[in-house]
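Comments concern the structure below.
Each value in this text was obtained by applying a stated rule to the coordinates, not by laboratory testing. Since the structure is predicted, the reported quantities are computational estimates derived from the model, not experimental observations. Here the Cβ is made from the backbone with ideal geometry for all residues, glycine too, and neighbour counts use every protein chain on show.
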Amino acid sequence: MAGYRKGVETFERPTPLLTPVPVDSAFPVCVGAAPIHKLENPLAVLNVPQLIFDFAHGQKSVGYSDNWRDAEGNTTFGLSEFLFAMTRVHRTVPICLIPTWNPMTGAVDVAETSLPIVNGVATIENPMAMISTVKVLGTDGDYERDKDYSLAYNDDENLSITVIPDGSIPADKTSLSVTYKQADISTSTEAQIIGGVDSENRKTGIEAIDYVFPMFQRRPAFVTATGYNQIPGVGSALKSQANKWTCIALLDIPCGGEMSNFTKVPQWKNLNSYVDPFVFAEWGCTAIGDRVYWGSTRQAGLHGQWDARNGGLPYESTSNKLLSMTALCQPDGTPIPMLSQDQANFLGSVGVGTFINVGGWRAWGIQTSKFPSSTDIKDAERSVRRMFCFARAVIELTMFQEVAKPISPRLRDRIMLTSRELMNLWKARGALIAGHVEFTREDNPNIALMSGEKTFQIHLTPPNATRAIIFAFQYNPDGLERLFE
């Protein structure tokens, strides 16, 4: 309240420039089956996003199995493949994993079994045994876990029952009688991956991606479903989430059986609608020795590596970047003959990435799956598309704090100054060639301003990838004059 003043008074004004909200340019969210039957309380993590910072953390959070494919090459535990690739091969974290397989569905009771005790340890030789259901039977009732015995999965993924010396199990006992439930990974389905809303109004599967930002304050940069994203229904659901969150869906084109013939890729891609500016489609699995990874998994890791090298800015294409692999292959590990550069370029011409061996294995492909249906550079070129996604995320999160502020020239100037400084920063670091912001009368008629809307135009020119370097050679007859010097 204004009145008689005497003395010294102070007050504060808002800083005219907002500090930008950080955005992880390569933060991946992967949906799929995980061996959560190895957890004490598997249902606690079912369809709940888990933020993972290293391999051990992931193993504890969602379980881990080396057997992430069956003998036919079908994915069993897709989240195990993704976890291993991100934390052990590419070393790009954090990642987010959403387990969708309920091990209680279809689990069967295993009849009482007698197991020999060898050096104080009895072993349940069944990797699908659920640790939370094991009971060790005694003559006068069940023995007590962590008092009479301990349980842990060994290196072969079997359950070891270790007798505790001071417990109730007699020292001269030569065998243990046990019962347990055996989970069945074949009950993991496409429908679980796609998800929806359950009876308690909770989102499941791919729909649970909506929980990632509220839980962790991190916007997805990539969404994928390892081992399932080559299924059109799953691809469609991921594509929808990518458009919702302005991020990239990493999808695979089938590469097994007849689809190991690269010439069949364009027809499959178009028939199954893998055509979208927010989709990066890959063809071909990659092997590192006996381990096989889907192409989308490797692309998630490569993007994380190169964004980290570029200070967290996603302006550089992963095409022509070296990666560790020993073969291009089908999902079951059957080698696919190495593609020539012309063959790989054929896939690129239809908006599909792959892997080639030119002085070492490397990723190859700069087009989104929208190409060639669209040649708009922001929709057809991967690195440009990623910079638009990144810029939109930063602007949206940074400016959110200005929502509901009074409309005023000061608010306008603060938004414009912050936007300009962001673009100046990105230009200085090579992520933009040019960029500017405008606030025009044409975009802001009175009726819009009176309803509380302000429209700013942001113009971006990210550097697109060099697709071809062309040299023209010709014979110069004037050079013959050198003979007479």
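Quick rundown of the values:
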read-out: Charge-dipole axis of the chain as Lys and Arg at +1 and Asp and Glu at -1 on Cβ define it, positive-most pick from Ala249, Ala33, Val121; value: Ala249
read-out: Helical mean residue ellipticity (222 nm; -39500 (n - 2.57) per DSSP H run of 4+; nearest 500) of the chain; value: -7000 deg cm²/dmol
read-out: Ile161 long-range amide H proximity, modeled H, under 5 Å; value: Ala122, Thr123, Ile124
read-out: Approximate spin-label separation Asp66-Asp413, in nm, with each point projected 7 Å along Cα-to-Cβ; value: 6.6 nm
read-out: Global geometry of region 345-469, whether rounded, prolate or oblate, following the gyration tensor of its Cα atoms and the 1.5 cut on a/c; value: prolate
read-out: Share, in percent, of DSSP beta bridges within the chain that are antiparallel, nearest 5; value: 75 percent
read-out: For Ser419, Ser319, order by how many other beta-carbon atoms lie within 10 Å, fewest first; value: Ser319, Ser419
read-out: Extension gain from Asp332 to Ile470, taking 0.36 nm per residue of separation minus the Cα-Cα distance; value: 45.7 nm
read-out: Lysines whose Cα lies under 25 Å from that of Lys269, excluding same-chain neighbours fewer than 8 positions away; value: Lys239, Lys244, Lys321, Lys370, Lys378
read-out: Least to most buried among Met450, Met130 (fewest other Cβ within 10 Å first); value: Met450, Met130
read-out: Mean Cβ neighbour count within 10 Å, used as a protection proxy, ranking 373-379, 187-193, 296-302 highest first; value: 296-302, 187-193, 373-379
read-out: Net charge of Cβ neighbours under 11 Å - reference Gly195; Lys, Arg +1; Asp, Glu -1; value: -2
read-out: Protection-proxy order for peptides 90-102, 432-444, 252-264, each taking the mean of Cβ atoms within 10 Å per residue, highest first; value: 90-102, 252-264, 432-444
read-out: The chain: radius of gyration and largest Cα-Cα distance (Dmax), Å; value: 28.3, 112
read-out: Ordering of 341-351, 26-36 by packing [mean C-beta count within 10 Å, highest first]; value: 26-36, 341-351
read-out: Met86, Met215 arranged by Cβ crowding within 10 Å, fewest neighbours leading; value: Met215, Met86
read-out: Sites Leu425 and Gln401, calculated FRET efficiency, Cβ-Cβ separation with R0 22 Å, nearest 0.05; value: 0.70
